[in-house]
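A short worksheet on the structure shown next.
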Amino acid sequence: MSRRSEAYFHGIPMRPYDLIREGLIVFGVITILVIIFAAIFSSPDYPTVRGEDVAKRQPIAFTKTSVSFLSGDSGISTYGPPYTRDFDDAQKVLGIAPAKWFGVTIPLNPPVDFVIKPLERVSVFDKGVAAALKTYKAASPKQQLNWASAYFKVLDKATFVNGQVKVPNGNYGPVPTMAAGMLNLGRAGLLEGALQSDARLPYQLNFTKSLLFFQDDVDHSVANSLNLLGEQWGLSNETGNYPGAWWLWPYAFWYQIPAIASSPNGDLIVGLIMLAIFLVIFFVPFIPVLNGLLPRGLQVYKWVWRDWYHRGRPAVAERERKAG
């Protein structure tokens, strides 16, 4: 300790403090609590939702998901930035939409990226799919949409017979054949690989399309069955044997407020609230009320340093009195 420090702390009683020991004690206590709470309140160990499993167990749901990208009924079709150019749907507060500032950073064309491109890989060894794709591409955008919309609506009445999705007769064009090709792709366990644009690279690190494929109905249905929907517990509730994103619980808390949970701009509102809280905490030393009046009024520091105020401060005051 320097002379200046010794002079500054002169007359103040001190005692040794083992920071490493205290840290190990805290770590041990937290570890025990985590193990106890994990044993009592652990999340369900639900397996990963794979295209192969959905195609085999819920073929109609799989087919409906595939066709929704063609008919424009999927949530991603009108999501807006960063995926699509639907800027009118971007979340905004007071007319300000930050998503517009960054634009479309992960451009997606749902019909092409989620159906056409995967089927183009299948068409190499399936002539039926190849012919259906040729017919679909040759049609006008309006005709394509009419076929897909009609087939998407009738899937509510579909049945699964002898390995095929059966629907009432109608003018669906090549869409049923394309949907069947997607179903076969899923059954073969090749959906995720076909969706990824960089699937031929040695390492696969981008799973955006695979995660978005089932995010509307299938993932929502699974989450509902496990009581894991956002309006029930928030973003931090996870499945599996490993800790989830526990650091998101402050965000999840705000989604429990009905006005925020039901707002179409809820994500942006929560983000702005958390940003405001962070800025307040960051600039506490520079905010007059928070850095002076509030601490003196609450006097929490007296509880933290209660040992000093109980024994140390009176002793120093007594020595100063005698010395004076």
Taking the range 294-308 and keeping only residues that are closer than 25 Å to residue 12 by Cα and out of contact with any helix residue (DSSP H, G or I) (no Cβ under 8 Å at 6 or more places or on another chain), one is left with 296, 297, 298, 299, 300, 303, 304, 305, 306, 307, 308
Of the conditions (1) closer than 23 Å to residue 52 by Cα; (2) free of Cβ contacts under 8 Å to residues at least 60 places away in the same chain, the single one that residue 138 does not satisfy is (1)
Condition (residue is among the β-branched types (Val, Ile, Thr), surrounded by fewer than 12 Cβ atoms within 10 Å (Cβ to Cβ), touching a residue at least 40 places away in the same chain (Cβ under 8 Å) and on the phi < 0 side of the Ramachandran plot) applied to the range 10-24: is it met by at least one residue? yes
Q) Within the range 110-120, is even one residue farther than 19 Å from residue 208 by Cα and surrounded by 13 or more Cβ atoms within 10 Å (Cβ to Cβ)? A) yes
The condition of being surrounded by 10 or more Cβ atoms within 10 Å (Cβ to Cβ), in the same structural domain as residue 133 (by TED's automatic domain parsing), out of contact with any Gly (no Cβ under 7 Å at 6 or more places or on another chain) and modelled with pLDDT under 85 holds, among 46, 79, only for 79
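Yes/no matrix, rows are residues, columns are (1) touching an Asp or Glu at 6+ places or on another chain (Cβ under 9 Å); (2) closer than 21 Å to residue 73 by Cβ:
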position	(1), (2)
134	no, no
137	no, yes
148	yes, yes
157	no, yes
All-but-one check, residue 203 against (1) modelled with pLDDT of 95 or more; (2) assigned to a loop (DSSP other than H, G, I, E, B), failing number (1)
Subset of the range 254-276, residues at pLDDT 85 or above and among the hydrophobic types (A, V, I, L, M, F, W, C), comes to 254, 257, 259, 260, 268, 269, 270, 272, 273, 274, 275, 276
In the range 146-189, residues that are touching a residue at least 24 places away in the same chain (Cβ under 8 Å) and in a loop (DSSP other than H, G, I, E, B) total 7
In the set 99, 139, 132, the lone residue that is surrounded by fewer than 18 Cβ atoms within 10 Å (Cβ to Cβ), on the phi < 0 side of the Ramachandran plot and aliphatic (A, V, I, L, M) is 139
Matching residues in the range 14-62 (in a loop (DSSP other than H, G, I, E, B) and of a type in the set (Asp, Glu)) number 2
Considering the range 83-125, residues that are assigned to a helix (DSSP H, G or I) and of a type in the set (Asp, Glu), and then whichever is farthest from the chain's Cα centre (by Cα), we arrive at 120
Taking the range 41-96 and keeping only residues that are without any contact (Cβ under 8 Å) to a residue 12 or more places away in the chain and either over 29 Å from residue 183 (Cα atoms) or charged (D, E, K, R) (or both), one is left with 41, 42, 53, 57, 86, 88, 89, 90, 94, 95, 96
Checked the range 126-139 for anything modelled with pLDDT of 95 or more and either in contact with a His (Cβ under 8 Å, 6 or more places away or on another chain) or not in a helix (DSSP H, G or I) (or both); matches are 139
Within the range 96-135, residues closer than 18 Å to residue 65 by Cβ and not aliphatic (A, V, I, L, M) come out as 109, 110, 111, 113, 114, 117, 118
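The values are calculated or read from the model by the stated rules, or taken from the named source; none is laboratory data. Because the structure is a prediction, the values reported are computed rather than measured. Cβ coordinates were reconstructed from backbone atoms using ideal geometry, including for glycine residues, and neighbour counts include every protein chain displayed.
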